[in-house]
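All remarks here apply to the structure that follows.
Since every read-out is calculated from the coordinates, none of them should be taken as a lab result. Only a predicted model underlies this, so the values are computations on that prediction, with no experimental measurement involved. All Cβ positions, even for glycine, are placed from backbone atoms using ideal geometry, and neighbour counts span all protein chains on display.
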Amino acid sequence: MPPRPGVDPLPPKRRFPVQQLSGLDATFLYFETGNAPMHIGGFAIYDPSTMSAPLSYARFLANIERRLHLARCFRQKLVTVPLDLDHPYWVEDENFDLEFHVRHIALPAPGDWRQLCTQVARLHSHPLDLTMPLWEMYLIEGLDRIDGIPKGSFAIVTKIHHAAIDGASGSELVAAIHDLRPDIQPEPPEKAWVPDRTPSSVQLLAQAARHNLKQPFRLARVLARSVPAWRRIDHERRSASYEAIGTVPRTRFNGPVSPQRVAGGVVLDLGTIRDIRKTVPGATVNDAILSICGGALRRYLEAKGELPEESLIAAAPISVRSEQEAGSGGNRISMMSASVHSEIADPAARLEAVYRGTQSQKKISQAVGASLLTDVTEFLPGMLAELAALAYTRLGLANRISPLFNTVITNVPGPQVPLYSGGARLVANYGMGPILDGMGLIHPIFSYCGEVTLSFTSCREMLPDPEFYEECLHAAYHDLASATLGSGAPSSARARGGDAA
């Protein structure tokens, strides 16, 4: 049948060309509030001495522009289904404006570590504009007095919504804006960028109807996988080797969050952490990092007179992204609970306890299945999720219900070779993450060139003294190294902005 006059139909093979958010991706949108924007990101520090020409905003902007084709999230924005009858879609922004997303500021003298952390925390406090592609990038100049950083260095602060990426796909974004040498440029795109056509409201509603008709069959398949999974979980919990997590204690980090953020981090030696984990057969680098976080939280809360008798519990995201899903963007993560054993004073004993606990929880995660938890989120209706998030915040449920965990600790392995952006060498990369009511502290960890940056993001009212928490992280690392390695332990952890422990 020929099209009606005045109607311009989509080509048959591109009837619905845009990509829908998964249920997990959309959940990060639904649970965003004014006090809890759900973007992730970080700040990376660069040495410009390897650049072929002086740094300028124009050069920085041109470098990002040459790389827009390397990551889908750069030009994609959201389009929502009317009445939230289905999850939103990604659509390429026909009016994409690079200068809206890439901005330029400078620190006042002296340009030290605390000034940088204060500035990036302020930037991280502000939500992204949900009508635009969900990312921002800031060039910050004037880093002139940071320990271990060459004078005249600069930082790049990145913000991107958690609906668009997880830790694994975030590493792909890092790869998009970096090179392995200072003197190379990315290959240009094979063809000029042409945005996809934005679906109309009628098309979105029709697609939602088709999608929802299939949901009962998809739900049946997920339920069919769930029953044997729960049987496997019950079997693991009855085994003699299983170690239960226990009650999650309430701490200062488990109440409502304010809109203000603090950020910071420390630099640790990756080789030392690998030596530490070898002192407990079977333990991993992640076990050692969990132990360091447990020691730091113990020191911090003990100094406040608030250390609970029970261990603090961390949520540890686990990537379930397959090789076939590499480069797909979005979130493919599950979650494992881990005791950081903050109740144990001896650092070596804490590491052993952390290892035993993570072994038990890994068996539970394997019993559930890699993707089952992410698949379940596909059946959470958008309207219901938004109402639940609104009720949780307005009713102050963070203070009324038991916390699920005390902090998030997410470890993303990074490259062990130098990276360059616009010719400038990457010196260190610090992560930042979202916090929300009931969970006001997150620890993003990133490894690069033999070092580990153990970062944190928190609410300013919950953690008003980030310098002191950095001291606690340094001390916990040094104590664990001394307790496990003895005379082979490093004399101190390397500080960026203050004294070593």
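Things worth noting here:
- Highest to lowest packing among 117-124, 279-286, 456-463, scored as the average C-beta count within 10 Å: 456-463, 117-124, 279-286
- Once the chain from Glu461 to Lys278 is taken as fully extended at 0.36 nm per residue, the excess over their C-alpha distance is 62.1 nm.
- Loop sites in the stretch 117-198: GluC sites (Glu not before Pro), DSSP, at most 11 other Cβ within 10 Å: Glu190
- Model label zone, Met336; criterion: amide N under 18 Å from point 7 Å along Cα-to-beta-carbon; scope the stretch 412-446: 412-414, 443-446
- The GluC sites (Glu not before Pro) of the stretch 37-122 that meet both conditions, a loop assignment by DSSP and at most 16 other Cβ atoms within 10 Å of the site Cβ, are Glu94.
- For the stretch 13-205, with +1 on Lys and Arg beta carbons and -1 on Asp and Glu, the positive-most of His104, Pro186, Leu134 along the dipole: Pro186
- Between the beta carbons of Glu99 and Ser258, assuming R0 = 22 Å, the FRET efficiency works out to 0.10 to the nearest 0.05.
- Placing pseudo-labels 7 Å out from each Cα toward the beta carbon at Ala345 and Arg114 gives an inter-label distance of 3.1 nm.
- Projected area averaged over orientations for the stretch 13-205, convex hull of C-alpha atoms, nm²: 12.7 nm²
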